[in-house]
Structure formats: C-alpha cells, structure tokens
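What follows is a short report on a single structure.
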Amino acid sequence: MIKQSLLLLTIMLFTTCDTTGQDPDLKSFIKQLRAGRDILIENKTLSEEFDFTRIMPSNPVSEVMQQTRYNASVTFKNCVFEREVRAYATDDKGMKYSTMFQGNLSFLGCTFKEPVTFRACSILGKTVFSGSLFEKTANFEECSFSQQAWFNRCIFHGELRFQNAFFMQQAGFLDAASDVGSSFQGTTFNATAQFSNTRFFGYTDFSLVNWNGDCFFNYAEIRGRSVFSSADFKQHATFISVIFEQSEIMNCSFFGKTDFSKSSATKQMKHGQNYFLHNPPDLSMFENDKTNVEE
C-alpha cells in the first residue's frame with residue numbers, strides 16, 4: 001500500500017512539476033495541448049522558455065531520435081516570446097528530440113527575441129509565420145512541410161537556416177528580409193516557391209536546391225555574396241529586376257523557361273557550365289566588366 005502511494009505521488013509530481021510557477025497563460029496553453037484541443041493565443045507576452053519537446057511524452061522513431069506528436073492546431077497571433085522557442089533538442093547522451101505537428105502551426109505577427117528552433121520537425125498541416133520578427137537565429141533545417149508554408153513579410157535579424165528542408169506544396173517568402181545570412185542549401189521545393197521582393201544581406205546560399213515547381217525572385221535584392229550553383233530548376237525560373245551584388249550561378253540545369261530580364265550585378269555575376277533545355281536566357285543586362293562567364 002505504501003509503495004503504491006509513493007508511485008502515485010511520483011506520477012503526480014512528474015505531470016505537474018513542469019508547469020508549477022509558470023505564467024497562467026502558458027500553463028493554460030500547455031493544459032489544452034495535452035488535452036488535444038486546438039489552441040489560439042492572441043496579444044500575449046510570454047516570458048518563459050517554450051519547449052515543445054517536453055510538453056508531451058516522446059516516442060522513439062530510431063535509435064537516436066525521439067519524437068513528440070501534437071494532434072491539435074496551434075495558433076499564436078501578435079504574441080511576444082521573450083525566451084527561446086524550441087521544437088528540437090539534444091541531450092548529453094546524444095539523443096535527439098524532434099516534434100510532429102499533425103494540425104496547422106501558425107505564428108502570425110509574432111516577435112521572437114531569442115533563438116527559434118524547429119529543426120527536423122514534421123508539420124502535416126499548414127505552416128504560417130507571416131509578419132513575424134526573428135531577432136536571433138531561426139532554424140528550420142531538415143524541416144518537412146506537408147502543406148503550404150508561408151513566411152511572407154518575415155524579418156530575420158539573426159541567421160536563417162533552411163538547409164535540407166522539404167516543401168511539399170507552395171512556399172512563400174514574399175517581402176521577407178534577412179539581415180545576417182541565409183542558407184537554403186539542399187532544400188527541395190516541390191511546388192511554387194515565391195521569393196519576390198525579398199531582401200537578403202550577408203551570405204545567401206541556394207546551392208544544391210531542387211526547384212521542382214516554378215520559382216520567382218522578381219524584384220529581390222540579394223546583397224553580399226550569393227550562390228545558386230548545382231541546382232535543378234525543373235519549371236520556370238524567373239529572376240526579373242533582381243539586384244545581385246556578388247553572385248554565382250554555375251553547373252545548374254534549367255528545364256523550363258528562364259528569365260533574368262532587367263536584372264543587374266553591382267560587383268560580379270559568375271555564371272557558366274549551365275544546361276538549358278530551352279533557349280538560354282538573355283544575360284546581356286549584366287555589365288561586361290562585372291560578369292564572369294565560364295563556358
């Protein structure tokens with residue numbers, strides 16, 4: 001009887017210790033998540049770290065990976081996160097913890113003051129981060145987006161990481177801006193990818209990308225060094241009125257219509273050894289002394 005009482009007490013402590021002393025809004029949010037209810041939180045400032053890998057029990061998916069699953073849709077609107085938001089973690093034994101969201105995941109017009117980590121997450125519903133501000137690193141490496149994913153009008157003041165991400169449907173970064181550096185190396189876009197009117201500063205990496213749908217960079221500003229090399233463009237590749245600074249487009253395959261009209265390079269555009277299924281695009285708009293062509 002005493003052993004049973006001690007066991008019951010241990011279970012109660014485990015399920016309540018991580019919410020004791022928390023902000024009431026956050027505590028209520030966690031309670032609803034555990035109950036599998038859809039969540040909507042608006043106009044709140046959350047002053048505590050938010051870790052999706054610890055709210056619900058995790059299950060093994062491999063010898064080195066545990067995964068936490070959420071059935072409900074999660075929506076934050078016009079909220080401020082003063083500490084880190086995490087959906088991926090590792091422990092001191094090398095075990096990795098990722099998160100699967102089976103519903104929609106939305107952070108509309110939110111401000112993240114500390115790093116945001118959604119690495120290796122699977123999001124089965126729609127993903128919306130539009131209008132959000134990231135003051136530190138935003139990590140979406142190896143993330144899988146099953147439905148539309150929108151990052152329109154986002155501002156990234158820290159490093160932006162999307163290496164090896166996988167977009168099943170449309171991806172939108174319209175009017176987004178990244179100040180420090182951005183990497184989409186090895187990412188797969190299976191539908192239309194919209195990067196029009198974006199602004200990239202620092203080092204920008206779009207190498208080894210699989211563009212399986214149309215891609216648009218119209219009116220984008222890509223300052224600093226940028227790399228688009230060793231990429232496959234399966235559909236239309238549209239770079240109208242783009243301002244490059246120092247860019248490299250080498251060893252790429254273009255299978256659809258390709259358009260660089262009215263674009264320019266302020267320092268250098270290095271291009272060559274590219275394959276065009278249709279007629280090569282007109283690149284005469286680049287100044288000769290700023291263009292390096294390798295046949």
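Assessment of segment 115-127 against the conditions (in contact (Cβ under 8 Å) with a residue 24 or more places away in the chain and farther than 20 Å from ALA165 by Cβ) yields no matching residue.
The set of residues in segment 229-276 being under 26 Å from GLN170 (Cβ atoms), among the small types (Gly, Ala, Ser) and in contact with a strand residue (DSSP E or B) (Cβ under 8 Å, 6 or more places away or on another chain) consists of SER229, SER230, ALA231, ALA237, SER247, SER253, GLY256, SER263.
Based on this model, can you work out whether ILE30 counts as modelled with pLDDT under 95, at negative phi, surrounded by 17 or more Cβ atoms within 10 Å (Cβ to Cβ) and assigned to a strand (DSSP E or B)? Here the answer is no, as ILE30 does not meet what is asked. When restricted to residues that are more than 29 Å from the chain's Cα centre (by Cα) and either at pLDDT below 90 or among the acidic types (Asp, Glu) (or both), segment 248-292 contains 16. Checking each residue in segment 114-136 for being farther than 17 Å from GLY172 by Cβ and either within 11 Å of the chain's Cα centre (by Cα) or among the charged types (D, E, K, R) (or both) picks out GLU114, VAL116, THR117, ARG119, ALA120, CYS121, GLU135, LYS136. Within segment 188-240, the residues that satisfy the criterion of being among the hydroxyl-bearing types (Ser, Thr, Tyr) and out of contact with any Ser or Thr (no Cβ under 6 Å at 6 or more places or on another chain) are THR188, THR192, SER196, THR198, TYR203, THR238.
Return the residues of segment 167-195 that are outside any loop (DSSP other than H, G, I, E, B), out of contact with any Gly (no Cβ under 8 Å at 6 or more places or on another chain) and either more than 17 Å from GLN235 (Cβ to Cβ) or of a type in the set (Val, Ile, Thr) (or both); say none if nothing qualifies. Answer for segment 167-195, where residues must be outside any loop (DSSP other than H, G, I, E, B), out of contact with any Gly (no Cβ under 8 Å at 6 or more places or on another chain) and either more than 17 Å from GLN235 (Cβ to Cβ) or of a type in the set (Val, Ile, Thr) (or both): ALA177, SER183, THR188. Residues in segment 129-140 that are crowded, with 22+ Cβ neighbours inside 10 Å and touching a strand residue (DSSP E or B) at 6+ places or on another chain (Cβ under 6 Å): PHE129, SER132, PHE134, ALA138, ASN139. Going through (1) in contact with a Cys (Cβ under 9 Å, 6 or more places away or on another chain); (2) surrounded by 15 or more Cβ atoms within 10 Å (Cβ to Cβ) one by one, TYR275 falls short only on (2).
Any residue that is of a type in the set (A, V, I, L, M, F, W, C), in contact with a strand residue (DSSP E or B) (Cβ under 7 Å, 6 or more places away or on another chain), surrounded by fewer than 17 Cβ atoms within 10 Å (Cβ to Cβ) and modelled with pLDDT under 95 - is there at least one of those in segment 64-84? Yes, some residue in segment 64-84 is of a type in the set (A, V, I, L, M, F, W, C), in contact with a strand residue (DSSP E or B) (Cβ under 7 Å, 6 or more places away or on another chain), surrounded by fewer than 17 Cβ atoms within 10 Å (Cβ to Cβ) and modelled with pLDDT under 95. Filtering segment 230-247 to residues that are surrounded by fewer than 20 Cβ atoms within 10 Å (Cβ to Cβ), more than 16 Å from ASN197 (Cβ to Cβ) and either at pLDDT below 95 or not acidic (Asp, Glu) (or both) leaves SER230, LYS234, GLN235, HIS236, GLN246. Against the condition among the aromatic types (Phe, Trp, Tyr), buried (at least 24 other Cβ atoms within 10 Å of the Cβ) and within 18 Å of the chain's Cα centre (by Cα), how does PHE189 come out, does it pass? Spelling it out, PHE189 is indeed among the aromatic types (Phe, Trp, Tyr), buried (at least 24 other Cβ atoms within 10 Å of the Cβ) and within 18 Å of the chain's Cα centre (by Cα). For segment 85-113, the candidate set comprises residues that are under 16 Å from the mean Cα position of the chain (by Cα) and assigned to a loop (DSSP other than H, G, I, E, B); within that set, the residue that is surrounded by the fewest Cβ atoms within 10 Å (Cβ to Cβ) is GLY109. The set of residues in segment 127-157 that are more than 22 Å from GLY186 (Cα to Cα) and either at pLDDT below 95 or part of a loop (DSSP other than H, G, I, E, B) (or both) comprises SER130, GLY131, SER132, GLU135, LYS136, ARG153, HIS157.
The values are calculated or read from the model by the stated rules, or taken from the named source; none is laboratory data. In this text, all values refer to a predicted model and were calculated from it rather than measured experimentally. Note that we place each Cβ from the backbone using ideal geometry, even for glycine, and neighbour counts take in every protein chain shown.
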